[in-house]
1. Which ranges mark the helices (runs of 4 or more DSSP H) fully within the range 1-110 that have 1 or more residues being at pLDDT 95 or above?
2. Restricting to the range 230-255, name every residue that is among the small types (Gly, Ala, Ser) and touching a Phe, Trp or Tyr at 6+ places or on another chain (Cβ under 6 Å).
3. With modelled with pLDDT under 90 and over 15 Å from Gly37 (Cα atoms) as the only criterion, which of Thr368, Thr394, Thr407, Thr428 stands out?
4. When the range 261-288 is examined, which residues are found to be at pLDDT 85 or above and within 27 Å of Phe152 (Cβ to Cβ)?
5. Return the residue satisfying two criteria in turn: it lies in the range 333-381 and is over 26 Å from Ala402 (Cβ atoms) and of a type in the set (Lys, Arg), and of such residues it is surrounded by the fewest Cβ atoms within 10 Å (Cβ to Cβ).
6. Within the group Gln163, Gln179, which residue is open to solvent by less than 50 Å² (accessible area, probe 1.4 Å), farther than 19 Å from Tyr260 by Cα and of a type in the set (S, T, N, Q)?
7. Can you tell me how many residues in the range 105-121 are surrounded by fewer than 13 Cβ atoms within 10 Å (Cβ to Cβ) and farther than 25 Å from Gly425 by Cβ?
8. Mind telling me which of the residues Gly145, Gly117 ends up being of a type outside the set (Asp, Glu), at pLDDT 90 or above and touching a Gly at 6+ places or on another chain (Cβ under 6 Å)?
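The values are calculated or read from the model by the stated rules, or taken from the named source; none is laboratory data. Note that this is a predicted model, so its numbers are computed, not measured. Note: ideal-geometry Cβ built from the backbone for every residue, glycine included; neighbour counts use all protein chains shown. All accessible areas refer to the heavy atoms of the entire protein, side chains included, with ligands and DNA or RNA removed. Shrake-Rupley method; radii C 1.70, N 1.55, O 1.52, S 1.80 Å.
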Amino acid sequence: MHNNVNKLTWAVAIAAAAFASQVNAGGYQINEQSVSGQGYGHAGRSSNVNDATIVFGNPAGMSFLDRAQVTAGGTYLNVNTDISNVQADAMLDGGFAATGNPANATGQQVPVGTIPGSSDGDMVPGTLIPYAFYAQPVNERLAFGFGVYAPFGSKTDYEDGFQGRYFGDYTEVRVISAQPTVSYRFNDQLALGLGITYNQVDGELRRQLPGDPAAPFDPSADIDSRVEGDDDAWGYNIGVIYQPVEETTFGLTYRSKVDYTLTGDFSATDPAGNVVRSDSANLNLTTPETVNFSVTQQMSDRLKLMAGASWVRWSRFDQILVTGSEGDVITQETQDYSNAWAFAVGGEYQLNPQLALRAGVTIDNTPTSDEFRSVRIPSDDRRIFSVGAGWTPTDDVTLDFAYSYLTERGTFVDQSRDDLYQGLGGATYSADYKNEAHGFGAQLTYRF
């Protein structure tokens, strides 16, 4: 039992730490809050006013809408991952491995074989990301709005017997934001907007632990370790739109950091279904602020081009500090994230009064480092290619559709741990990952 208590305490630390890192992973920051914007790669996120999704893109843009409207939609993401060159080794103390007696431990771990299992790569279920926005101009200068959307979220679910299961085999994180918004247009050129966000985060993390030192790394003896946590917190965003001439629009949006104090409930269950231990884990988490700048240029009556850049202050996420139910430090780990940029260019062509065609390209750089990349967040720099269309059969209704292909640079995971069996055992897992995704979006706008 003492062995189980020791390794389960570490499980709280690792699972809670993974919870924080999963929320903050740049590769999992959600961009799907507008299908009309998806069509041109979100290149004009802060400057192009199409519909009520501007409540998220730039709250100042609501005052450029000519009448009340509601926009609702979603994007379905289908993610594929190829895992190759896998090496997963079981480690035991040399003296313990030779004699089976912990008293003979030498303090030096040696490989004792390959961890049994598989690395199929089919780990991300198809996911629908919905949203809804409402914008209400009060007069020519003042407008109000409201939005519900997901700024962060992910789900990874590796197969039973995954070879990297001791580092994480299930992750589900959701952040939902509700945003009341106001904007004011001072004149034909300048408008400001402010949104207040109420944010709720919840998630579940699981990993496996070897359950029997007499039969180390046997999947049938693994202990299922999981942590669930949630919290809510407030944030804000500020936007400005400047239109020096009718054909040119500049937009700038700032989204604040959000401070969370996460409380998680931990439990660990043996193969017979018995709860071996339960506890709590707490951590302070700050999601970083972001800045988006974009420009929209009307080239002709039918063609407009857009370009944008986003900056995220990921350097705030330099460590994870997890405390237990008694306030004791469970783990303190360096993350060393870097600030990250994303860039996009796109365009829209009005084929006729009813149909608009769109296309765009996005470069999204990851903040993660090779040293700390894990099986929970095996992502790297992204390239996203998008096309879309907007169909307006009547003045009151627009249907938008978009498709995006996302490909990530091939990356690798190389992890090890030596705290199993009270320091008598450990595990390593290394593999190459290649991720790609397909995004299918649909959206309806109705104007009153």
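1. By residue number, 35-38, 54-57.
2. Ala233, the sole residue that qualifies.
3. Unique residue meeting the criteria: Thr368.
4. Answer for the range 261-288, where residues must be at pLDDT 85 or above and within 27 Å of Phe152 (Cβ to Cβ): Thr263, Gly264, Ser280.
5. Arg373
6. None of the others qualify; the one that does is Gln163.
7. Residues meeting the conditions: 0.
8. None of the other options fit; the residue is Gly117.
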